[in-house]
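Reviewing the structure listed below.
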Amino acid sequence: MKPEDMKTAVVIAWALIWSVIAVSLVSSVSNWILVVGAGVLPPLMILRLWHPPVQTVSARIREARQ
């Protein structure tokens with residue numbers, strides 16, 4: 001799996017899990033704000049800060065030989 005596809009899958013799974021939690025457990029407005037914060041902020045940080053792994057030296061050498 002490519003790093004970009006993995007990142008997208010993690011973000012979608014996180015959002016779905018928190019959506020289910022929000023719909024099933026939250027009844028007050030203050031709790032909704034907490035759930036939305038916990039459900040939205042981590043995926044945004046993942047999208048922004050998660051960079052693909054750097055290509056290793058051996059992979060670059062293999063690529064150059066081909």
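Bear in mind these aren't lab numbers, they're just calculated from the coordinates by the rules spelled out. What you see is a predicted model, and the numbers here were worked out from it, not measured in a lab. Cβ sites come from the backbone with ideal geometry, for glycine too, and all protein chains shown count toward neighbours.
Per-structure values
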| quantity | calculated |
| --- | --- |
| By average C-beta atoms within 10 angstrom, highest first, the peptides 7-18, 41-52 | 7-18, 41-52 |
| Farthest positive-ward along the chain dipole, Cα basis, beta-carbon charges - from Leu16, Ala64, Leu41 | Ala64 |
| Size of the chain as Cα extents on the principal axes (Å, biggest first) | 61, 17, 10 |
| For the chain, size of Cβ-based charge dipole, Lys and Arg +1, Asp and Glu -1, in debye | 320 |
